[in-house]
Amino acid sequence: MPADLTTGRARNLALALLALTQFVVVIDASIVNVALPSIGTALHISQDHLSWVVNAYVLAFGGFLLLGGRLADFLGRRRMFVAGIALFTIASLLGGFAQNETWLIAARALQGLGAAIASPAALSIVTTTFAEGSERNRALAIWGAVAGAGGAAGVLLGGVLTEYLGWEWVLFVNVPIGALIIWQAPKRLTESTSGAQNRAFDLPGAVTVSAGLALLVYTLVDADKAGWTSTTTLLRGLGALALLAAFTVIEWRSRNPLLPLSTFSLRTLRGANVVGLLVGMALVSMFFLITLYLQQVLGFSALAAGFAYLPLSVSIIVAATAASTLVTRLGFKPVLIAGLAFVALGLAWFSQVRPDGSFAVDVLGPSVLAGLGLGLSFVPLTIAAVTGTTPEQAGLASGLINTTQQIGGALGLAILASIANSATTDALTSGVRDLKVALTDGFSDAFLVGAGFAVAGIVLAAVLISNRDSREHSQAAQCGEVTVPAV
């Protein structure tokens, strides 16, 4: 029996299911971080290769998001949502039973592929289930709160599971959740009936864009190890650009393109994706640097470091909830700019960390400030990214904003890890004997550059995102002039 989404309760239950999916997808990028030492010991994985337990997921997720979003438009959003979650769940089960390095990394890559299929399908279902205006703003506020808090919650949950149940459970925990989602999806979600399902599929475009994005993410995550100016990195980067250039030519000539280039004629969509890149650069690198400072300088255990993220998670949830009302009253552009300003201030505050610091003085305040900024940023950014699109483009727009944020995360992490490592090395070679002092110098420099990413986001949001689109969205939401969602 098909789901009936005509009542508010039915739509809220659908949103809860979709938000749960996004939570699981987001935390899986960070949940294994705390478990890495245990995984390395259990499966005899060298330190050099251990990072690929994380990178394999990031690589597949970032490389296939755009394809996943377009598949949802072509083949049905609910169908691809369930397929993605099924693949994610099976891969999680296989990963938990992994007996060696190759097995685990392959399972993590499959998890990333499943997430890349499910996540844009879920977001496109949200945008087409809830009517444009205040109703959709509230739904995206919940989505933004879950997405923002998921990264921090992953560290906490990973610490608890690894400490009390073993590293396998950072993967096994996805299995019952995935089974619940698959069971409930046909009852809570309707299938899309877009005419796009009957169009020819652009296979050359799909192959070139997926290969190009995957190679680009791989180049970025391995750049610090291989060297930014090394022949290997430069060749990989050129290869990724060549594939993406070939994709552009294919789309220009195709009668049924995977990514119609006319999509980029929407000013606000273009601006939102550029800003989304910078938000990803600031967000992922911030979590990475905070974790290292807590454990390497302040001496926190993995479990204590996880609990230290609670204030950050709570502030994201509070701010994302408030963002719904603010976007309705003020429009998405001013709220986004204000959120990025909070992020910039929080990261600038983090740059003042001390080698003899404490959680209360050096981490708590900037965590709350940056968390409020991230919560205020996610909701208007997502709204801006789908503004002006048709229901047939919902999966594409969702895949685009997810892709830019994922690539931004990989780029930001590569840049700031390189800056932190370089500053630490310089401090040690210049005569600093205390490792904590040298590490703090590196983290301080990296946090400051991260603040620069957020400031650049403010400038670009002011320039690239349409004031008119923002005002019209606010006016429509306040007057109740909403469109009927297409399902």
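What the table shows:
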quantity: From the C-alpha gyration tensor of the chain, square roots of 5λ in Å; calculated: 34, 25, 23
quantity: Only Lys, Arg (+1) and Asp, Glu (-1) charged, at Cβ; the chain dipole about Cα centre in debye; calculated: 1100
quantity: MRE, 222 nm, helices only [DSSP H, n ≥ 4, -39500 (n - 2.57), over the chain, to nearest 500]; calculated: -26000 deg cm²/dmol
quantity: Region 273-317: chymotrypsin sites (Phe, Trp or Tyr not before Pro) falling in loop per DSSP and having at most 12 other Cβ within 10 Å; calculated: none
quantity: In Å², nearest 10: area of Thr41 left accessible to a 1.4 Å probe; calculated: 100
quantity: Pairwise centroid distance, computed over Cα atoms, of region 48-121 with region 268-295, Å; calculated: 21
quantity: Relative contact order (percent, whole number), region 402-460, Cα cutoff 8 Å, 6+ residue spacing; calculated: 35
quantity: In degrees, nearest ten, helix 310-330 long axis to first principal axis of the chain (Cα); calculated: 30
quantity: Cα pair count fraction exceeding 19 Å, expressed as % - region 100-161; calculated: 53
quantity: For region 431-477 versus region 352-396, the gap between their alpha-carbon centres in whole angstrom; calculated: 10
quantity: Percent carbon-and-sulfur accessible area, the chain, ignoring ligands, DNA and RNA, probe 1.4 Å; calculated: 66
quantity: Sequence-separation-based contact order of the chain, relative, with Cα cut under 8 Å and 6+ spacing, percent; calculated: 24
quantity: Dipole of the chain, positive end: most advanced residue of Leu87, Trp252, Leu20 [Cβ charges, Cα centre]; calculated: Trp252
quantity: Cβ-placed point charges (K, R +1; D, E -1), dipole of region 180-338 about Cα centre in debye, nearest 20; calculated: 460
quantity: Solvent-accessible area per residue, Å², over the chain with all protein chains present [probe radius 1.4 Å]; calculated: 39
quantity: FRET E, pair Leu330, Val249, Förster distance 41 Å, beta-carbon r, rounded to 0.05; calculated: 0.50
quantity: If the convex hull is drawn through the Cα atoms of region 222-307, its volume per residue in Å³; calculated: 154
quantity: Overall dimensions of region 195-349 as given by Cα atoms, namely Rg and Dmax in Å; calculated: 20.6, 58
quantity: Radius of gyration and Dmax over the Cα atoms of region 265-414, both given in Å; calculated: 16.4, 55
quantity: For Asp441, solvent-accessible area (1.4 Å; no DNA, RNA or ligand), Å²; calculated: 70
quantity: Range in the chain, longest, excluding exposed trypsin sites (Lys or Arg not before Pro) [loop by DSSP; at most 11 other beta-carbon atoms within 10 Å]; calculated: 1-254
quantity: For region 1-146, convex hull volume per residue from C-alpha positions, Å³; calculated: 114
quantity: Descending principal axes extents, region 124-266, alpha-carbon based, whole Å; calculated: 48, 46, 28
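The values are calculated or read from the model by the stated rules, or taken from the named source; none is laboratory data. Since the structure is predicted, the reported quantities are computational estimates derived from the model, not experimental observations. Heads up, the Cβs are rebuilt from the backbone with ideal geometry, glycines too, and the neighbour counts pull from every protein chain shown. When the accessible area is computed, the model is the full protein with side chains, heavy atoms only, and any ligands, DNA or RNA have been set aside. Shrake-Rupley method; radii C 1.70, N 1.55, O 1.52, S 1.80 Å.
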